[in-house]
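Have a look at the structure below before the remarks.
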Amino acid sequence: MTDTPGWASPGSAPSSEGREPGASRPAEPADRPGDTPPAPQADGNAQSPGVKWSTEQPPPGQWSAPTGAPSPNQTPPPPPPGPGWGGRPPMGPGPGGHGGGYAGPPPGYGGYGTPGGYGAWGGGWGGPPPAAKPGVIPLRPLGVGEILDGAVSTMRTYWRTVLGVSLGVALVTTTALVLMQGFVLNDALAQVQLGSRDANPDDVFRALPDVMAGTGIVAVISTIAVIIATALLTTITSRAVLGRPVALGEAWRDARPQLPRLFGLILLLGLIVVGVMCAGTLPGILVMFAGDDVVAGAGLLFLGLLGATVVTTWLVIRFCLSTPALMLERQSIVKAMSRSAKLVRGSWWRTFGILLLTGLIVRIVQALIAIPFTVVGAAVSGDGINNLLGTGGGHPGWTALVIQGIGTLIGSALTLPISAGVTVLLYIDQRIRREALDLELARAAGVQASVTGSPGPVPGS
């Protein structure tokens, strides 16, 4: 037997430290070669060769830890902590009869309970440390709620810059819509009494060019304004991730070089969508105008429209990250589309779900803001509830249009930053998942890596 200190299980040989007072050291086996006969004890009685332990042994079951000599009725204390395993008791007797067992790796090895490792087993394991958060999101893969919260936090933290951009864009688009509806659309539709029995198809066709021209002008103005807002909000959101504020002038200087490419990207995506829809509906339209079988043509048109809608939706989600890829990576149009397709690959349904949820939230918020203004505008202008519901045959006056425009302006100003922010944060999330972008963001933000568990403060929180 050895005298190696350590935790020995009850019933095995005790170590030289912590023996009971008056207890003798256990004798070595007598049959071992080269052993000498046991020496006589102090009382003159020699130990017999067949006995290997001292005759002065305590009663069974009273052995305690080799750290002291407790009272007979005391419960054995817990074992002392090992040198490298955070309080975990060493194992039982190891090979060769050693009672100390394995004491763990040396200090600095990096294991549990050692310097450079995670928390010890005895101290409680709480999972991985929190990720660094220098800005509006933690630098790790994000959940749906964290993406939405990051977009809202960006608007709340940098509200002067964000609302300045969105309010300016909403003002331009709403003003164009109100003016176009008041000067062009109302006059064109006034010639057509859609609710009257005397409505003539010729009147509808005569008013159609003016309606399409007015709608097209409003669409072009709105598209230009939204593209500029998207470019600016993309820059602002990317800075918000790092916790760095950005002024409106600085955001404009960063986004301006990429605006021509961004316009080209939006135009190309629009042409792709229009081409797919035309390709899907054209066969059914040709069959219907041929007059051979109107029912078959209508069925073919429905199937083609359904198929074109599915393909269009797939393409829109596939290329939805092209805008942040073009703005933040300074890519070309084709390269940005390729980057978006690569990032979305394997996560199409998740991306679709997040964008669908964001769209529903945006539409609900816009409706909740716009409906009260629409009702108030109809009541103040005297147009009546019938005109509000479109059953009175009339058209809203300027008072109603202005009040409705105010509601649209507020709704657009509050929801545009959310839509743009979700797209940018979704792009960042996909790059974190696929390309470990969080490490680069942590270095750019000047914070420690996420494994250190030292999250930074959120600006404005």
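Suppose we keep only residues that are surrounded by fewer than 20 Cβ atoms within 10 Å (Cβ to Cβ) and small (Gly, Ala, Ser) within the range 212-224. Which one would you say is farthest from VAL162 (Cα to Cα)?
Applying the filter and picking the extreme gives ALA213.
Can you give me the number of residues within the range 225-255 that are among the aromatic types (Phe, Trp, Tyr) and surrounded by 18 or more Cβ atoms within 10 Å (Cβ to Cβ)?
Within the range 225-255, residues that are among the aromatic types (Phe, Trp, Tyr) and surrounded by 18 or more Cβ atoms within 10 Å (Cβ to Cβ) number 0.
Out of (1) under 20 Å from THR237 (Cβ atoms); (2) buried (at least 20 other Cβ atoms within 10 Å of the Cβ), what's the single condition that is false for LEU355?
(2)
Give me a count of the residues in the range 398-432 that are touching a residue at least 60 places away in the same chain (Cβ under 8 Å) and farther than 18 Å from GLY168 by Cα.
Summing the residues that are touching a residue at least 60 places away in the same chain (Cβ under 8 Å) and farther than 18 Å from GLY168 by Cα in the range 398-432 gives 13.
Among what's in the range 260-273 and is surrounded by fewer than 13 Cβ atoms within 10 Å (Cβ to Cβ) and under 16 Å from ARG318 (Cα atoms), pick the residue that is modelled with the highest pLDDT.
Only one residue tops the list, namely LEU271.
Which members of the range 321-338 meet the condition of being buried (at least 21 other Cβ atoms within 10 Å of the Cβ) and either over 18 Å from THR235 (Cβ atoms) or of a type outside the set (Gly, Ala, Ser) (or both)?
LEU321, THR323, PRO324, LEU326, MET327, MET337
Could you go through the range 397-406 and let me know if any residue there is out of contact with any His (no Cβ under 9 Å at 6 or more places or on another chain), under 30 Å from ARG345 (Cα atoms), β-branched (Val, Ile, Thr) and modelled with pLDDT of 90 or more.
Taking every residue of the range 397-406 in turn, none turns out to be out of contact with any His (no Cβ under 9 Å at 6 or more places or on another chain), under 30 Å from ARG345 (Cα atoms), β-branched (Val, Ile, Thr) and modelled with pLDDT of 90 or more.
Any residue that is surrounded by 24 or more Cβ atoms within 10 Å (Cβ to Cβ) and touching a Pro at 6+ places or on another chain (Cβ under 6 Å) - is there at least one of those in the range 437-450?
Within the range 437-450, none of the residues are surrounded by 24 or more Cβ atoms within 10 Å (Cβ to Cβ) and touching a Pro at 6+ places or on another chain (Cβ under 6 Å).
Keeping to the range 127-145, report how many residues are assigned to a helix (DSSP H, G or I) and free of Cβ contacts under 8 Å to residues at least 12 places away in the same chain. Outline the logic, then answer.
Of the range 127-145, the ones assigned to a helix (DSSP H, G or I) are 144-145.
From the residues that got through so far, the ones that are free of Cβ contacts under 8 Å to residues at least 12 places away in the same chain too are 145.
Number of matching residues: 1.
Could you check the range 278-292 and list, in sequence order, the residues that are part of a helix (DSSP H, G or I) and either out of contact with any helix residue (DSSP H, G or I) (no Cβ under 8 Å at 6 or more places or on another chain) or surrounded by fewer than 17 Cβ atoms within 10 Å (Cβ to Cβ) (or both)?
Answer for the range 278-292, where residues must be part of a helix (DSSP H, G or I) and either out of contact with any helix residue (DSSP H, G or I) (no Cβ under 8 Å at 6 or more places or on another chain) or surrounded by fewer than 17 Cβ atoms within 10 Å (Cβ to Cβ) (or both): CYS278, ALA279, LEU282, PRO283, ILE285, LEU286, PHE289, ALA290.
Going through the range 225-271 one residue at a time, which ones are basic (Lys, Arg) and under 25 Å from the mean Cα position of the chain (by Cα)? Can you show your working first?
Initially, the range 225-271 is screened for residues basic (Lys, Arg), giving 239, 244, 253, 256, 261.
Once the filter is applied, which keeps residues that are basic (Lys, Arg) and under 25 Å from the mean Cα position of the chain (by Cα), the range 225-271 yields ARG239, ARG244.
The values are calculated or read from the model by the stated rules, or taken from the named source; none is laboratory data. All values reported here derive from a predicted model rather than from experimental measurement. Don't worry about glycine lacking a Cβ; one is built from the backbone with ideal geometry, like all the others, and counts go over all protein chains shown.
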